[in-house]
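The values are calculated or read from the model by the stated rules, or taken from the named source; none is laboratory data. For clarity, every value in this text was computed on a predicted model and none was experimentally measured. Virtual Cβ from ideal backbone geometry, glycine too; neighbours counted across all protein chains shown.
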Amino acid sequence: MRRNMDLVRHILSITADHDTTLTADSFTDGYPRPLVEYHIKIMQQAGLLDADTTPFKSGGSRDFVFGLTWEGQDFLAAVEDDTIWSKTVFPACAGMIPEVRRPLLKADGVPRVRGDDPVVRC
């Protein structure tokens, strides 16, 4: 599976708006459940979510999302603004899916990774 940054943003936004534990079903609006489960797992691994994922031997998983981590809050604060979010897709990448590595976006809207190297590649 490939990472979908729109789904990452979606999961972070919904999680931030709730004070209760969420399940994968909370995020499936327009997204297939296996894709949501995968994203919860990798977002937990990346340190964006406080979550518990338990895979089933038969496939799928049981997923609980408890909230955002500090890094998840920072990431969401950077990407909540649609203007900044739209800057993560560069004109040179039109028609292509950009690969956005584990980003923290700076206030100027230029994607960065824990330093000054640009994040988006085509």
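Beta carbons closer than 6 Å, at least 6 apart along the sequence or on distinct chains, pair a first residue in segment 25-39 that is free of Cβ contacts under 8 Å to residues at least 60 places away in the same chain with a second that is of a type in the set (D, E, K, R) and buried (at least 20 other Cβ atoms within 10 Å of the Cβ) for 37/63. For residue 115, indicate whether it is out of contact with any Gly (no Cβ under 7 Å at 6 or more places or on another chain) and at pLDDT below 50. The answer is yes for residue 115. For the residues 61, 86, the requirement of being surrounded by fewer than 18 Cβ atoms within 10 Å (Cβ to Cβ), among the polar types (S, T, N, Q), over 21 Å from residue 19 (Cβ atoms) and not assigned by TED's automatic domain parsing to the domain that holds residue 11 singles out 86.
Could you tell me which residue of segment 1-56 is nearest to residue 74 (Cα to Cα), considering only residues that are aromatic (Phe, Trp, Tyr) and surrounded by fewer than 20 Cβ atoms within 10 Å (Cβ to Cβ)?
Of the residues in segment 1-56, the ones aromatic (Phe, Trp, Tyr) are 27, 31, 38, 56.
Those still in the list that are surrounded by fewer than 20 Cβ atoms within 10 Å (Cβ to Cβ) too: 31, 56.
Working: 31: 24, 56: 32 Å.
Among those residues, the one meeting the criterion is 31.
How about segment 8-90: which helices (runs of 4 or more DSSP H) wholly inside it have at least 1 residues that are at pLDDT below 90? Answer list for segment 8-90: 70-79, 82-86.
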